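Enquirer: Supplied in structure tokens, the structure appears directly below.
The values are calculated or read from the model by the stated rules, or taken from the named source; none is laboratory data. What you see is a predicted model, and the numbers here were worked out from it, not measured in a lab. With ideal geometry, Cβ positions are generated from the backbone for all residues, glycine too; neighbour counts draw on all protein chains shown. What goes into the accessible areas is simple: the full protein's heavy atoms, side chains included, and nothing from ligands, DNA or RNA. Shrake-Rupley method; radii C 1.70, N 1.55, O 1.52, S 1.80 Å.
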Amino acid sequence: MTRLELLPVQPLLTPDYEIRRTEIHDELRRRYGPVAPVDLLGISVWLVLGYNESLAVLRDDTWWKKDLRYWQAYTDGRIPANWPMLPALECDMMVFFDDQRHKKARAAFERAVKPFQDLSLPSARQLKTVVAQHADDLITFLAEDGGRTGIADLGSQYARPLPLMVTNRLLGFADARGDEVIMDVWRVLDAGPDAPAAIGRLMAALQQLVREKRARPGDDIPSYMLAEDPSVSTEELAWELYLVMGTTSDMVGALLCNTVVEVLTGDTGARACLSAGMVGEAVNRAALAHPPMQNLTFRFPVAPVRLGGFAIAAGDPVMVSPAAAHADPLFAQGTDRARQAMVSSRAHLAWGAGPHQCPGQDLASSIVAIGVQHLVERFDEIQLMLPKDQLHWRMSPLMSGLRSLPVRYTMAAAKAPAAPVEPTVTAVVDPAAGTSANRPRSAFWRMLAGLRRRPDAG
Ligand code: HEM
């Protein structure tokens with residue numbers, strides 16, 4: 001048995017991890033093979049770099065558990081209370097459930113999200129229209145004060161707000177309260193000084209939403225989850241909705257940016273896919289080249305197990321890395337990346353695999369595809385304002401997303417907005433709520449207006 005704590009380990013998250021991630025993983029692979037011990041913000045963990053080893057772990061939820069109670073060092077009290085990753089792990093959400101609890105919560109979620117993912121159903125078709133309208137509104141808004149050409153941060157002015165606005169519809173928030181919640185999600189995700197107050201307000205708003213949906217169900221995820229399991233507690237459902245908000249807003253936005261970058265600069269054939277009208281495949285290739293969840297939250301073996309070159313003790317933290325697995329030569333096979341992508345792009349791990357595989361992947365892909373499609377339709381040209389290797393990535397052990405995506409654009413002449421409009425979230429979601437012109441500016445739109453033509457390129 002290898003004692004993880006006794007192995008000399010190097011920090012995984014070096015300052016250049018986002019830029020040199022593939023080289024860093026390759027170095028670890030050369031040194032240790034498909035599984036490597038690494039230091040993660042001061043804690044030793046096993047990083048799974050091999051594609052086959054990743055699949056073996058992800059597919060077997062009998063042997064590999066997610067509940068933190070299986071983590072030996074954690075239950076022994078050896079993880080410092082201020083370890084920075086704890087807030088992301090100590091969450092009472094499905095992705096950390098095991099066994100029956102997981103099966104039950106997952107089944108309820110799958111049924112609740114189906115109306116929005118299955119295009120044979122009216123809510124899914126309506127949602128596509130909502131996404132398209134939000135995308136149009138945001139593009140119109142970002143270019144409102146300019147001429148045909150301009151500069152924008154497609155991250156904060158488009159990729160980030162678009163999925164958050166869609167979340168409002170999925171969760172069934174009414175009126176301006178949805179806008180306020182969006183602002184609070186932002187404050188939490190940015191982890192700034194107002195984050196603690198924002199998470200308090202956010203959880204209170206989500207619990208209030210659950211209570212309202214219990215009393216008056218609607219065509220939305222919380223109502224469908226309550227219909228599946230009326231006994232679920234208000235607190236537990238609020239946590240699941242928080243997961244939906246976080247993943248929808250943060251990761252969908254990240255994949256949208258990653259797709260734009262891949263189309264503009266990548267070598268996986270994403271641009272050719274887009275030119276051929278295969279926008280879904282372009283998104284898929286971006287997910288392969290740059291998975292928004294670069295590393296997954298831990299799994300813990302219930303008993304000692306051999307993985308890669310090591311005998312891993314029961315209760316050791318094991319982190320599967322989709323980003324590393326995609327670069328595993330056994331997965332990538334050969335050197336022609338565009339060809340490989342053709343062959344293997346559907347087998348990637350950007351959505352995970354096995355019993356915890358993302359149940360929202362069709363929805364997420366669809367939002368990103370519509371977002372990308374609208375950029376193609378509304379702009380004649382989009383150019384990065386920085387070389388690819390100078391783009392600013394967020395520093396996160398789990399997520400891989402850009403801090404900003406500064407671009408120069410030229411609007412397509414025929415599609416340039418005829419007259420400036422100020423859209424509102426609810427004008428699209430609820431046609432009865434009034435037109436954009438007669439609604440007051442919310443904090444959300446004022447904030448977006450403040451970002452216009454001031455992209456954060458630094
Ligand atoms: C680009 C966007 C997204 C990416 C890259 C993504 C990725 C993932 C991955 C890799 C997992 C597996 C985690 C693990 O095995 O440890 C996961 C789980 C999950 N995702 Fe997504 N996701 C995205 C969007 C969404 C959306 C839009 C929703 C909801 C509408 C969603 C809901 C969930 C849920 C509930 C789980 C937990 C499933 C379980 O534990 O059984 N995700 N996601």
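Residue-wise test of (1) under 14 Å from residue 372 (Cβ atoms); (2) open to solvent by less than 30 Å² (accessible area, probe 1.4 Å); (3) acidic (Asp, Glu); (4) within 11 Å of the ligand (Cβ to nearest atom).
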| site | (1), (2), (3), (4) |
| --- | --- |
| 241 | no, yes, no, yes |
| 245 | no, yes, no, yes |
| 254 | yes, yes, no, yes |
| 259 | yes, yes, no, yes |
| 262 | yes, yes, yes, no |
| 268 | no, yes, no, no |
| 275 | yes, no, no, no |
| 278 | yes, no, no, no |
| 283 | yes, yes, no, yes |
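Enquirer: Let me ask something else. Can you pull out the helices (runs of 4 or more DSSP H) entirely within segment 23-122 that have at least 1 residues that are within 14 Å of the ligand (Cβ to nearest atom) and among the acidic types (Asp, Glu)?
Expert: 99-117
Enquirer: Quick one: how many residues across segment 265-310 are in a loop (DSSP other than H, G, I, E, B) and of a type outside the set (Ser, Thr, Tyr)?
Expert: Looking only at that region, the number is 18.
Enquirer: Give the number of residues within segment 124-150 that are over 14 Å from residue 374 (Cα atoms), at pLDDT 90 or above, surrounded by fewer than 17 Cβ atoms within 10 Å (Cβ to Cβ) and not basic (Lys, Arg).
Expert: Summing the residues that are over 14 Å from residue 374 (Cα atoms), at pLDDT 90 or above, surrounded by fewer than 17 Cβ atoms within 10 Å (Cβ to Cβ) and not basic (Lys, Arg) in segment 124-150 gives 2.
Enquirer: If residue 234 passes every condition in (1) under 13 Å from the mean Cα position of the chain (by Cα); (2) among the hydroxyl-bearing types (Ser, Thr, Tyr); (3) modelled with pLDDT of 95 or more but one, which one does it miss?
Expert: (1)
Enquirer: Sticking with this one: If only one of 54, 44 is surrounded by 18 or more Cβ atoms within 10 Å (Cβ to Cβ) and more than 24 Å from the chain's Cα centre (by Cα), which one is it? Steps first, please.
Expert: On the way: 54 fails: more than 24 Å from the chain's Cα centre (by Cα).
Result of the check over 54, 44: 44.
Enquirer: Here is a follow-up. Condition test on residue 229, is it away from the ligand (no atom under 14 Å from the Cβ), modelled with pLDDT under 95 and either under 30 Å from residue 376 (Cβ atoms) or crowded, with 16+ Cβ neighbours inside 10 Å (or both)?
Expert: yes
Enquirer: Do we have residue 141 as aromatic (Phe, Trp, Tyr) and more than 21 Å from residue 225 (Cβ to Cβ) here? Full working, then the answer.
Expert: Numbers: aromatic (Phe, Trp, Tyr): yes; more than 21 Å from residue 225 (Cβ to Cβ): yes.
Spelling it out, residue 141 is indeed aromatic (Phe, Trp, Tyr) and more than 21 Å from residue 225 (Cβ to Cβ).
Enquirer: Answer yes or no: is there a residue in segment 397-404 that is open to solvent by 30 Å² or more (accessible area, probe 1.4 Å), within 24 Å of residue 293 (Cβ to Cβ) and modelled with pLDDT under 90. Before you say what the answer is, go through the steps one by one.
Expert: Within segment 397-404, the subset open to solvent by 30 Å² or more (accessible area, probe 1.4 Å) is 403.
From the residues that got through so far, the ones that are within 24 Å of residue 293 (Cβ to Cβ) too are 403.
Filter once more, so that each one left must be modelled with pLDDT under 90: 403.
Scanning segment 397-404 turns up at least one residue that is open to solvent by 30 Å² or more (accessible area, probe 1.4 Å), within 24 Å of residue 293 (Cβ to Cβ) and modelled with pLDDT under 90.
Enquirer: Kindly indicate whether residue 237 is farther than 19 Å from residue 326 by Cβ, surrounded by fewer than 23 Cβ atoms within 10 Å (Cβ to Cβ) and not acidic (Asp, Glu).
Expert: Judged against the criteria, residue 237 is not a match.
Enquirer: Could you tell me how many of the residues in segment 57-66 are within 17 Å of residue 295 (Cα to Cα) and open to solvent by 20 Å² or more (accessible area, probe 1.4 Å)?
Expert: Result for segment 57-66: 1.
Enquirer: Another question, if that's okay. Taking only pairs six or more apart or across chains, which ones have beta-carbon atoms under 9 Å, a first residue in segment 100-113 that is without any contact (Cβ under 8 Å) to a residue 24 or more places away in the chain, and a second residue that is open to solvent by less than 90 Å² (accessible area, probe 1.4 Å) and among the acidic types (Asp, Glu)?
Expert: Hits for this filter: 101/67.
Enquirer: Among (1) open to solvent by less than 30 Å² (accessible area, probe 1.4 Å); (2) near the ligand (Cβ under 7 Å from one of its atoms), where does residue 357 come up short?
Expert: (1)
Enquirer: Collect the residues in segment 206-219 that are surrounded by fewer than 19 Cβ atoms within 10 Å (Cβ to Cβ) and either closer than 15 Å to residue 243 by Cα or modelled with pLDDT under 90 (or both), keeping them in residue-number order.
Expert: The answer is 207, and nothing else.
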